[in-house]
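Trainee: Got a structure for you, questions after.
Please treat every number below as a calculation from the coordinates, not as lab data. Small disclaimer: the values here were computed from a predicted structure and weren't measured. Positions of Cβ are generated from backbone atoms using ideal geometry, with glycine treated the same way; all protein chains shown enter the neighbour counts.
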Ligand code: AR6
């Protein structure tokens, strides 16, 4: 899929795309990110959709990871294969539960994005899709979360050896609009980012 609602293009050709409303389980990027919980045993929202579409092998791999390292703390990420998904890999990360903003939520959310893109790069992955971590069941205000998500990826992407494309695949129109707005605002801060912002066909 190459349709996008907005795109940031860097001088070296790397891109951050925003797509939505769209379903991340249909993504053809090499890896997709799951907004999981610490148990890694599945849940609701995008977590349920990914396990449902990818089949039982993803859960089996998650169970093996938990047996080895224990539950996954918020802000951390692990990788499994993608089972029956079009994506070859799933990177599972645990976002913070939003409790008013004074419990290091912003730092933890940024860590999810940073750890996920780092794992992707370590595995030689070139394209990666994220959902809007923590803004569903975990209650993170979407405009704040969008700003953190985009800023973190825009900072990390230039340092990646392999990752050249990041897509944010946003499930509903309000979330999609929030991310487009955050990308436009970020692109207008020349010291923060040197990328060209454009609105897309979708
Ligand atoms: N594709 C893309 N985005 C989706 C999809 C999909 N198929 N389905 C939902 N979303 P949430 P969280 C959006 O609640 O807030 C689970 O039970 C959704 O509209 O999935 O990080 C886990 O097991 C929202 O914008 O994740 C955890 O217990 C975004 O994905 C907990 O929820 C995140 O919503 C994690 O909560």
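Trainee: Need the C-alpha centroid separation for segment 1-74 versus segment 142-202, integer Å.
Mentor: For segment 1-74 versus segment 142-202, the Cα centre distance is 17 Å.
Trainee: Can you put 121, 3 in order, fewest other beta carbons within 10 Å first?
Mentor: Details: 121 18, 3 11.
Going from sparsest to densest Cβ surroundings: 3, 121.
Trainee: For the chain, what is Rg from Cα atoms divided by 2.2 N^0.38 Å, rounded to two decimals? Walk me through the intermediate numbers first.
Mentor: Details: Rg = 15.5 Å, N = 202, 2.2 N^0.38 = 16.5 Å.
Its radius of gyration relative to the 2.2 N^0.38 Å reference: 0.94.
Trainee: Which residue, 161, 152, 28, has the most motion in a Gaussian network model of the chain that connects Cα atoms within less than 10 Å?
Mentor: 161
Trainee: Output the peptides 166-176, 68-78 sorted from most to least packed, where packing is the average of other Cβ atoms within 10 Å over each peptide's residues.
Mentor: Taking the mean over residues of other Cβ atoms within 10 Å, the ranking is 166-176, 68-78.
Trainee: By how many degrees, 0 to 90 and rounded to 10, does the Cα axis of helix 56-69 deviate from the longest principal axis of the chain?
Mentor: 80 degrees
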